[in-house]
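Notes to accompany the following structure.
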């Protein structure tokens with residue numbers, strides 16, 4: 001496995017350079033051309049010129065794109081036959097690609113992040129620069145969570161298109177379910193988006209660069225009670241629950257992906273994606289959820305039915321629809337209407 005891992009790492013050096021350049025363009029160059037002359041007098045300009053959101057967005061994009069690139073061999077008949085013919089177990093091949101992608105993501109992010117730090121340290125005074133280290137270390141965990149779940153979702157499919165659709169649907173699923181349950185509890189669905197833990201790190205710890213400290217966890221509970229503070233309390237709790245949820249999902253996804261790889265079959269490449277994590281569960285869950293969100297409005301419900309029809313064609317690769325399809329679609333629609341009425 002060691003030789004195979006080194007080979008894959010060398011093979012992806014150009015890809016690593018491209019992602020590093022991407023992060024530099026997103027983060028380092030804006031910092032380099034920014035005018036920091038007023039910062040030394042008033043650090044309130046910090047949040048507009050730190051560009052921490054830029055590097056967070058770049059990291060989030062890499063968490064999705066890199067798994068697609070490193071695991072695309074599973075969607076190409078020639079590549080998968082070549083890899084599976086090697087004297088290396090399929091599980092080890094998967095782990096090697098997983099680690100190569102993770103290294104590419106961390107290296108590209110680290111190079112750009114610390115280059116930006118050096119420029120900030122040279123140009124700006126009066127900042128608590130130690131918080132850049134705290135932000136960096138704290139961001140590695142949500143980045144791994146994002147990456148591992150995207151890798152798991154993509155490798156459940158048998159084609160690149162199916163893999164991309166599966167990534168999007170799985171990453172948005174907790175937020176979608178929260179939207180459906182929003183009428184039952186005052187919960188912000190945005191706190192359950194996969195990007196939320198990463199955003200929370202840069203948003204909260206970024207204040208420490210200016211002030212030298214940040215608000216402790218659940219700080220809103222210590223403030224005088226009113227409706228606005230109540231909303232802040234609920235949001236903080238939901239954010240914490242969401243982060244724990246994504247962490248558990250990440251651990252499960254990583255273990256599950258590695259354990260199930262031994263049963264991967266080369267002949268499935270290019271075929272219909274029959275995994276329970278793909279269309280078999282995505283179609284009913286999303287159809288019921290969107291119908292529930294549509295309420296009693298006929299036009300949105302018809303739009304959901306049309307979208308479900310299109311996705312079913314992508315899944316089944318045929319426009320031939322039998323009575324079983326219409327029976328299941330009717331069940332989904334009725335279920336969504338009943339759920340929305342609760």
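Just so you know, all these numbers are worked out from the coordinates, no wet-lab data involved. Because the structure is predicted, anything quoted here is derived from the model rather than measured. In this analysis, Cβ positions are derived from the backbone assuming ideal geometry, glycine residues included, and neighbour counts consider all displayed protein chains.
Details
- The shape of the chain comes out oblate: with a ≥ b ≥ c from the C-alpha gyration tensor, a/c is at least 1.5 while a/b does not beat b/c.
- Using 0.36 nm per residue and subtracting the Cα-Cα separation, the extra length available between residue 99 and residue 244 on full extension is 49.9 nm.
- Stokes-Einstein diffusion for segment 278-342 at 20 °C, viscosity 1.002 mPa s, with a Kirkwood radius from C-alpha pairs, works out to 181 µm²/s.
- Here 275, 110, 250 are placed in order of increasing Cβ neighbour count within 10 Å, fewest first, which gives 110, 275, 250.
- Full-extension gain in nm, residue 266 to residue 204, via 0.36 nm per residue minus C-alpha separation: 17.8 nm
- Inter-label distance for residue 36 and residue 337, nm, one decimal - labels placed 7 Å from Cα along Cα-to-Cβ: 6.1
- The chain, helix-only ellipticity at 222 nm - DSSP H runs n ≥ 4, -39,500 (n - 2.57), divided by all residues, nearest 500: -24000 deg cm²/dmol
- Packing, as the average of other Cβ atoms within 10 Å across residues, places the peptides 119-126, 60-67 in the order 60-67, 119-126, highest first.
- Sorted peptide list for 23-31, 241-249, 144-152, 312-320, criterion being average Cβ within 10 angstrom, highest first: 144-152, 23-31, 241-249, 312-320
- The stretch between residue 303 and residue 164 holds 47.8 nm of extra length on full extension. This uses 0.36 nm per residue minus the Cα-Cα distance.
- Label-to-label distance, nm, for residues given as residue 274 and residue 324 (7 Å Cα→Cβ offset): 1.2
- Among 327, 108, 294, the residue with the largest mean-square fluctuation in a Gaussian network model of the chain, with springs joining Cα atoms closer than 10 Å, is 327.
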